[in-house]
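Heads up: the structure comes next, in structure tokens.
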Amino acid sequence: KPIALFFDRRTMKRTLQRITVLIAFCAAVFAPVVAQETDDDQQPPKEKLAELKAQKSAYITTKLNLSTEQAQQFWPIYNEYDAKQDAIRKEARELSHGARNSSGELSESQAAEMIVKHLANRQQEVDLEKQYAEKFKKSIGSVKTVQLRLAEQDFNREVLRRLKERTGSRSGDQKFKR
């Protein structure tokens with residue numbers, strides 16, 4: 001007769017998944033990153049963005065402690081939300097670049113139009129968040145929906161901290177340029 005195992009298959013599988021995600025996240029957080037000089041208008045390379053999104057997914061998965069069933073429902077919804085959020089933010093960046101490029105030459109009516117567009121963009125973000133909060137609550141529940149928001153904030157804070165450390169070590173005491 002085989003010796004009794006300490007874990008059943010399901011528990012072992014879940015534990016291995018969590019360990020894998022944790023190892024991937026730790027490797028991503030603590031791995032040395034070679035800083036690259038970029039222009040103010042230039043976006044990070046697509047590979048870096050894909051890597052960052054993978055790190056974010058691993059972080060959120062770990063923080064929310066999703067079951068397999070919850071993860072299968074949650075991730076397609078979240079990926080759709082993230083894509084729509086990226087589109088709204090891209091539009092916001094374009095509005096900001098337009099304002100910066102023509103700030104000295106704006107008429108009152110152009111400035112008023114920019115304000116209206118900016119506020120409409122912000123409203124789009126809020127509406128999207130409301131819409132997807134309901135979808136998240138249905139797939140993972142209200143508690144994990146709140147935890148999702150906190151996990152996103154924590155992840156963003158960590159990324160900014162690492163970026164600040166990288167740029168601080170590269171450029172001494174210089175502040176971010178705008």
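What follows is calculated from the coordinates using simple rules that are stated; it is not laboratory data. If you're wondering where the values come from, they're calculated on a predicted model, not measured in any experiment. Quick reminder, even Gly has a Cβ in these numbers, built from the backbone with ideal geometry, and neighbours come from all protein chains shown.
Points to keep in mind about this one:
- Simple spin-label estimate for Glu158 and Ala50 gives 2.2 nm between the two label positions (7 Å along the Cα-to-Cβ direction from each Cα).
- Highest to lowest packing among 85-95, 134-144, scored as the average C-beta count within 10 Å: 134-144, 85-95
- The peptide list 148-155, 111-118, put in order of mean Cβ contacts within 10 Å with the highest first, becomes 148-155, 111-118.
- Exceedance of the 28 Å cut-off in Cα-Cα distance is limited, within the set Lys48/Lys117; Lys46/Lys84; Lys117/Lys137; Lys56/Lys137; Lys46/Lys144, to Lys48/Lys117; Lys117/Lys137; Lys46/Lys144.
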